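Everything on this sheet refers to the single structure shown next.
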Amino acid sequence: MDDTLAKRRVFAMLDADGDGIVSRHEYLARTKHVVAATGRKEDDPLVIAARVAGEQAWASMDANGDGGVTFDEYAAWAGDEAFASVCAPTLGALFDLADADADGALTRSEFTVLREALGNPADHAHAAFDALDTDGDGRISREQYLASIRDHVTGEGSPMGDALYSEVKTVS
């Protein structure tokens, strides 16, 4: 899959109301949904870290500060540099929220809770988990998870990304 299609699929998921613009509210709601799905308290240090990381990611993505990100802005921003400096810490913080036993890996149920909170249907989350769990141990490490998302967004190919976003309607 090329990186433009991959970015379109991710953008469509971020654009929860489908209006062609990702708002600050839509972007930051991702953390709110994961917090609610995992039952964590607002004063949990992991929740605080996830909120800070989300705010930093939003500030980077909305470079012109107008409160909305179009697909063209997102596509220009998303890539290796943004992933390494902004996305990986933000996605890692969300991963940590879902990692109930703090062992650095997600079980199928933890992974499904995370991905459903981020807007993916459960069947896509299960298929994505299966694609990532190549050794069959029933666990996905933080490193595996982040590497697979990076590979998806940069167009390098990610079975997890293909499973998560296979039916996502994209913006044109």
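The values are calculated or read from the model by the stated rules, or taken from the named source; none is laboratory data. Just so it is clear, the structure is predicted and the values come from calculations on it, not from any experiment. All Cβ positions, glycine included, derive from the backbone under ideal geometry; neighbour counts span all protein chains shown. Ligands, DNA and RNA are stripped out before the accessible areas are found, and what is left, the full protein with its side chains, is counted by its heavy atoms. Shrake-Rupley method; radii C 1.70, N 1.55, O 1.52, S 1.80 Å.
Miscellaneous remarks
- In the range 49-61, residue least open to solvent (accessible area, probe 1.4 Å) [restricted to those that are at pLDDT 95 or above and touching an Asp or Glu at 6+ places or on another chain (Cβ under 8 Å)]: Ala50
- Applying the set (1) touching a helix residue (DSSP H, G or I) at 6+ places or on another chain (Cβ under 6 Å); (2) small (Gly, Ala, Ser); (3) open to solvent by 30 Å² or more (accessible area, probe 1.4 Å); (4) at negative phi to Gly67 leaves exactly one unmet item: (4).
- The listed residues are Val69, Val52, and the only one of them that is more than 30 Å from Gly138 (Cβ to Cβ), touching a strand residue (DSSP E or B) at 6+ places or on another chain (Cβ under 8 Å) and either assigned to a helix (DSSP H, G or I) or in contact (Cβ under 8 Å) with a residue 12 or more places away in the chain (or both) turns out to be Val69.
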